[in-house]
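Derivation of every value follows stated rules applied to the coordinates shown; laboratory data play no part. Being a predicted model, the structure only gives us computed values, none of them experimental. So basically every Cβ, Gly included, is an ideal-geometry build from the backbone, and we count neighbours across all protein chains shown.
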Amino acid sequence: MPLNHRMNRRKWLSLAPWPLASLASLSAMHRAQAQVPLSIIMADLGPAEPLHWPRDHGAHLERESEWWAFKGEINQPSGQVLGFHLSFLRATIESAANNKSRFAPKQVLGARASLSDTSKGTLLQDQRTARTGFGLADVSVSDMNVVLHDWSLTRSGSLAQSVIQARIETPDFTLDLKGTQTQPLMLHGENGYVRRERIEQDSTRYYSMPALKLEGQMSRKQKSERSEPITGRAWLDHGWGRSQLVTGAAGSDWIGMHLHNGGALMVFRMRREDGISVWESASLRLPGRADRIFKPEEIKISPGDTWRSPTTGATYPTTWKLTLAELSYTVKARTPNQEMDGGNGVGDVFWEGLSDLLDTQGRMVGGGYLEMNGYVPEANLDK
């Protein structure tokens, strides 16, 4: 695959099982497979292998797919709040595994970035893709150090107080960010081991680093080249496995919220083409308590109001009702137009943007990001 070559979306989707920020890319593959029962029974596979730090912050080249996602709220000196998002996606190309050529794309790295202004309903975005090596893209297996052209995501500092640094330069904006860890890692599933299928090989390792204290510099080039200081709060996700969709799933929905009381909430589901869930997971952190991992039968996620994209024709839910055991919340997008589409024919179209968390009385109790994948009509993927 030529570096940075523009290609039809369908060809790109055939190359790599992208996770999270383009989970819809797997939909064509899974549509050909039989649907599974809505209640997936997990096998008793014994205790999960412990995670090892800082090594597990780094890349896992033995697994087919992996992602690092860094997103959050930016507070400007003027008081205006913006949203930012950066995702790096790594895939092993199995068809190139036995190719002895140094030019064979055995590992491919993609990235998407956005800057949203929900007060004006505007979204700036860009993307990158390259095979690893040749000085253009690289990942470290010893710690978090992901580089793709002039974009990067790295970790430094102690294991108890990691410092996440991100550098993004696009034609429209530049971000130079530092997020300092203020809370312990949030390990999803069984100590970071998420059992999704009957076979152990299909399970995923997944953790989050919520409540990162954000600081740095930002410039928006349509306004001026001048850089201004920013503060804020950010969330880091990292996961790796075979793929991120279970059999029968056509898309996914992810919610990551910082609670005003200092807690954090992560909810993730996979759904069939008809919108019915085939797999769900949720983790809740409340101050002074152990993290709570909800059982599948305790999780109910229901879409509400919708918005139709005039660009892609996709219809996205802009409100979600969450029922987690005895708890109930509503997630509401701050503005509907936060659809990600780089426009150059590489990668997927998906929705990712700032959203609020409301309690049953309609009071705002948190805020963060909502991500939705797999909503673009099939016919539009080949355009």
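Specify whether the C-alpha gyration tensor of the stretch 249-383 places it in the rounded, prolate or oblate class, a ≥ b ≥ c being the square roots of the eigenvalues: rounded for a/c under 1.5, otherwise prolate if a/b is larger than b/c and oblate if not.
The shape class here is prolate.
Please sort 161-174, 294-307 by packing, taking for each peptide the average over its residues of neighbouring beta carbons within 10 angstrom, highest first.
Working: 161-174: 17.6, 294-307: 14.6.
Ranked by mean Cβ neighbours within 10 Å, highest first: 161-174, 294-307.
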Legend entry - Relative contact order of the stretch 261-383, defined on C-alpha pairs under 8 angstrom at six or more residues apart (%): 16 percent
Legend entry - Out-of-range pairs (alpha-carbon distance over 25 Å; input Lys71/Lys120; Lys71/Lys332; Lys71/Lys295): Lys71/Lys295
Inset, instruction - Treat the stretch 137-189 as a sphere of radius equal to its Kirkwood radius over Cα pairs and apply Stokes-Einstein at 37 °C in a medium of 0.692 mPa s; give the translational diffusion coefficient in µm²/s, rounded to a whole number. - result: 264 µm²/s
Inset, instruction - Pull out a ≥ b ≥ c, the square roots of the eigenvalues of the alpha-carbon gyration tensor of the stretch 246-319, then state rounded if a/c is under 1.5, prolate if not and a/b is larger than b/c, and oblate in the remaining case. - result: oblate
